[in-house]
Amino acid sequence: MKKLNKCLIDKDCSSLPVWFMRQAGRYLPEFRKIRSKNQNFVELCLNSELSSEITLQPLKRFNLDAAIIFSDILMVPYGLGQNLNFIKNEGPELSKFDLSIFLNNSKENFTKKLNPIYQAISKTRKKLNQEKSLICFVGSPWTLLFYMFNGKKNLNFINDKSVDLEIILEKLNEYLTLHIENQFNAGADIVQIFDSWAGLIPEKNLSEYCYIPNQKLVEHCKKINLPVICFPKGIKKKYKEFLEIVKPNGINIDYDIDPIWAKDNLTNVCLQGGMSPKILLEDEKTIFSEVDKYLNIFNNSPYIFNLGHGLLPETNPDVLKKVIERVSSYK
């Protein structure tokens, strides 16, 4: 069994796995070269040849235990009819949400529109060393809602009585389940669910917008025997409640979570990540001290080395290589 899958399924992490969120991305010169010739990010995500090539770039450089498919969580609302643009230095922008367009979708059209992603997974799986895991991912319903309703400018959409969020959440769940299955059938063998904006949910709404939607996705993943990692970023000590309700195979802690608290309170699960990506911009002594801290705290616990968020564009690939070597040689 692949090292990462063994860790998630059997909680056997005796051989410590390592991979990174955004490991295929802007810190790599070979990625920047492709990106400079492909200005439209959505088109790049839907170019199965290039997407597969980008996915495999970090594995050609580093001894990582998994590839994560080069795509974006917002390809799901795009597949459901919202126009998607990535504005330089600002990030993603979706067109104004239209309920009639959103509800007037079919699973066939959705699958057809996102088929290049599934092709990229299939191509990657064929080229990838069989001992390496291939991770696919989705955004959680809440995090997608946040983008679909432009939550950065108007978080008050959750109090808008003219918007039936219950129907939207239900439909989103239906298509996220389909997207997960399509990726699994194409060759992915682990899924990570990113709830990147969970920390903005009012505490009274955590159950309906965070716990229950994630739980539904996790239960479906378990039905199809697909190991699942959840990342409810920013919910602080509510991680414990999340874990008790959602019950994923693995849970990624963010950099605001005390790793000692996590080890003591987040039990019967494989823990992942935690270290701040900003640490990798420091001097080597500081970096290795922090790496060792996480390795020592989670020694003899089911743990996957990763970060508390994605790699930053300023990360030096040579430094990352040394970190991976340190993790791999840890006893």
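The values are calculated or read from the model by the stated rules, or taken from the named source; none is laboratory data. Not measured: the values here are computed from a predicted model. Backbone-built Cβ (ideal geometry, glycine too); neighbour counts: all protein chains shown.
So that you can scan it fast, the table gives a plain yes or no per residue for (1) at negative phi; (2) within 16 Å of the chain's Cα centre (by Cα):
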site	(1), (2)
N150	no, no
N156	yes, no
I167	yes, no
L176	yes, yes
H179	yes, yes
F194	yes, yes
I201	yes, no
K204	yes, no
V228	yes, yes
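For E314, state whether it is modelled with pLDDT of 95 or more and either within 24 Å of I229 (Cα to Cα) or assigned to a helix (DSSP H, G or I) (or both).
Details: modelled with pLDDT of 95 or more: yes; either within 24 Å of I229 (Cα to Cα) or assigned to a helix (DSSP H, G or I) (or both): no.
Criteria not met by E314.
Restricting to segment 312-326, count the residues that are closer than 25 Å to S14 by Cα and either surrounded by 19 or more Cβ atoms within 10 Å (Cβ to Cβ) or of a type in the set (G, A, S) (or both). I'd like the intermediate steps shown before the answer.
Step one: of segment 312-326, the residues closer than 25 Å to S14 by Cα are 319-326.
The next check asks that each one be either surrounded by 19 or more Cβ atoms within 10 Å (Cβ to Cβ) or of a type in the set (G, A, S) (or both); those that pass are 320, 323-324.
Residues that pass the stated criteria total 3.
Conditions tested, residue by residue: (1) in a loop (DSSP other than H, G, I, E, B); (2) hydrophobic (A, V, I, L, M, F, W, C); (3) modelled with pLDDT of 95 or more; (4) in contact with an Asp or Glu (Cβ under 7 Å, 6 or more places away or on another chain).
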| residue | (1), (2), (3), (4) |
| --- | --- |
| S100 | no, no, no, no |
| T111 | no, no, yes, no |
| I121 | no, yes, yes, no |
| K161 | yes, no, no, no |
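Taking strands (runs of 3 or more DSSP E) that do not extend beyond segment 200-278, which have at least 1 residues that are among the aromatic types (F, W, Y) and crowded, with 16+ Cβ neighbours inside 10 Å? I'd like the intermediate steps shown before the answer.
On the way: elements: 228-231, 250-253, 270-273.
Qualifying strands (runs of 3 or more DSSP E): 228-231.
Which of the residues spanning segment 32-44 are under 20 Å from the mean Cα position of the chain (by Cα) and either surrounded by 19 or more Cβ atoms within 10 Å (Cβ to Cβ) or farther than 21 Å from M75 by Cβ (or both)?
Within segment 32-44, just L44 meets the criteria.
Check I117 against each of (1) of a type in the set (A, V, I, L, M, F, W, C); (2) closer than 19 Å to Y209 by Cα; (3) within 19 Å of the chain's Cα centre (by Cα) and name the one condition it does not meet.
(2)
For segment 12-31, what are the residues that are assigned to a loop (DSSP other than H, G, I, E, B) and buried (at least 16 other Cβ atoms within 10 Å of the Cβ)? Spell out the reasoning first.
Here is the first cut: in segment 12-31, the residues assigned to a loop (DSSP other than H, G, I, E, B) are 12-17, 19-28.
Those that are assigned to a loop (DSSP other than H, G, I, E, B) and buried (at least 16 other Cβ atoms within 10 Å of the Cβ): C13, L16, P17, W19, F20, M21, R22, Q23, A24, G25, Y27, L28.
Please go through (1) of a type in the set (D, E); (2) touching a residue at least 12 places away in the same chain (Cβ under 8 Å); (3) farther than 20 Å from A198 by Cα for D283 and return the number of the only condition it doesn't satisfy.
(2)
Quick check, is N156 assigned to a helix (DSSP H, G or I) and either touching a His at 6+ places or on another chain (Cβ under 6 Å) or in contact (Cβ under 8 Å) with a residue 60 or more places away in the chain (or both)?
Working: assigned to a helix (DSSP H, G or I): yes; either touching a His at 6+ places or on another chain (Cβ under 6 Å) or in contact (Cβ under 8 Å) with a residue 60 or more places away in the chain (or both): no.
The answer is no for N156.
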